[in-house]
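As structure tokens, the structure follows; a few thoughts come after it.
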Amino acid sequence: MKFGRTLSPAMEGGNLTGIVDLGAKIRPGSRLLGLDIGAKTIGLALSDAGLSVATPLKTIRRRRFREDLARLQSVIAERDVGGLVIGLPINMDGSEGPRCQSVRQFAKNIDEKVDLPTGFWDERLSTAAVTRTLLEADVSRKRRGEVIDKMAAAYILQGALDRLHEATRD
């Protein structure tokens, strides 16, 4: 089973697209913003302008959608974001459960308000991988709680960036 694979948008219309197509749709020199959307927080990560490296940015404590959107729009404007990569929490058996439906709905709501190409990336095991890395680095439980979401967003975004680079070599 291959994790971190590109996912089809499974929605019609708007700016939702596959990861490989995302690279062709963003403005040259702009960045990608990775999102790890949870029930209580949204982890954010930002790519460099060359679309090679993902860096953890911040964690937003979720409130109402309108407030979440305003904070995302602020980051998008401040950081010259040209596209979004949203982690999709696929079940280990490949099926989509209620969390996936929630993330897809959030993405659809963003798509209606923000004119940016958006792709999904399979985020299975991203939090586990980041947690393992933080444990190996002997990061305290408190500090792990502070950084886990933005680091998971970076892990998700890095997977998508790596796939974009593979596609340009093919």
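Condition check for Ala10 on (1) open to solvent by 50 Å² or more (accessible area, probe 1.4 Å); (2) within 19 Å of Asn109 (Cα to Cα); (3) modelled with pLDDT of 90 or more: one failure, at (3). Quick check on the range 128-137. Is at least one of its residues assigned to a loop (DSSP other than H, G, I, E, B) and on the phi < 0 side of the Ramachandran plot? Yes; the residues of the range 128-137 include at least one that is assigned to a loop (DSSP other than H, G, I, E, B) and on the phi < 0 side of the Ramachandran plot.
Checking the range 122-130 against the condition returns no match, with no residue being farther than 17 Å from Gly43 by Cα and without any contact (Cβ under 8 Å) to a residue 60 or more places away in the chain. Looking at Leu116, Leu46, just one residue is more than 13 Å from Ile156 (Cα to Cα) and open to solvent by less than 50 Å² (accessible area, probe 1.4 Å), and that residue is Leu116.
Within the range 14-30, take every residue that is of a type outside the set (Lys, Arg) and open to solvent by 50 Å² or more (accessible area, probe 1.4 Å) and give me the one that is modelled with the highest pLDDT.
Pro28
In the set Arg71, Arg62, Arg141, Arg66, only one residue is in contact (Cβ under 8 Å) with a residue 24 or more places away in the chain and of a type in the set (D, E, K, R); that residue is Arg62. Looking at the structure I just gave you, is Leu33 outside any helix (DSSP H, G or I) and either open to solvent by less than 70 Å² (accessible area, probe 1.4 Å) or out of contact with any strand residue (DSSP E or B) (no Cβ under 6 Å at 6 or more places or on another chain) (or both)? It is true that Leu33 is outside any helix (DSSP H, G or I) and either open to solvent by less than 70 Å² (accessible area, probe 1.4 Å) or out of contact with any strand residue (DSSP E or B) (no Cβ under 6 Å at 6 or more places or on another chain) (or both). Filtering the range 72-94 to residues that are in a loop (DSSP other than H, G, I, E, B) and either within 21 Å of Val147 (Cα to Cα) or of a type in the set (Ser, Thr, Tyr) (or both) leaves Arg79, Pro89. Among the residues of the range 114-127, those that are under 25 Å from Pro28 (Cα atoms), touching a helix residue (DSSP H, G or I) at 6+ places or on another chain (Cβ under 9 Å) and assigned to a loop (DSSP other than H, G, I, E, B) comprise Val114, Leu116, Pro117.
For (1) surrounded by 15 or more Cβ atoms within 10 Å (Cβ to Cβ); (2) in contact with a Phe, Trp or Tyr (Cβ under 8 Å, 6 or more places away or on another chain); (3) charged (D, E, K, R), each residue gets a yes or a no:
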residue	(1), (2), (3)
Ser52	no, no, no
Ile76	yes, no, no
Val81	yes, no, no
Phe106	yes, yes, no
Arg124	yes, yes, yes
Asp149	yes, no, yes
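Every condition in (1) part of a helix (DSSP H, G or I); (2) modelled with pLDDT of 95 or more; (3) open to solvent by 20 Å² or more (accessible area, probe 1.4 Å) is met by Leu69 except one, and the failing one is (3).
The values are calculated or read from the model by the stated rules, or taken from the named source; none is laboratory data. Being a predicted model, the structure only gives us computed values, none of them experimental. Note that we place each Cβ from the backbone using ideal geometry, even for glycine, and neighbour counts take in every protein chain shown. The area values use the complete protein model at the heavy-atom level, side chains included, leaving out ligands, DNA and RNA. Shrake-Rupley method; radii C 1.70, N 1.55, O 1.52, S 1.80 Å.
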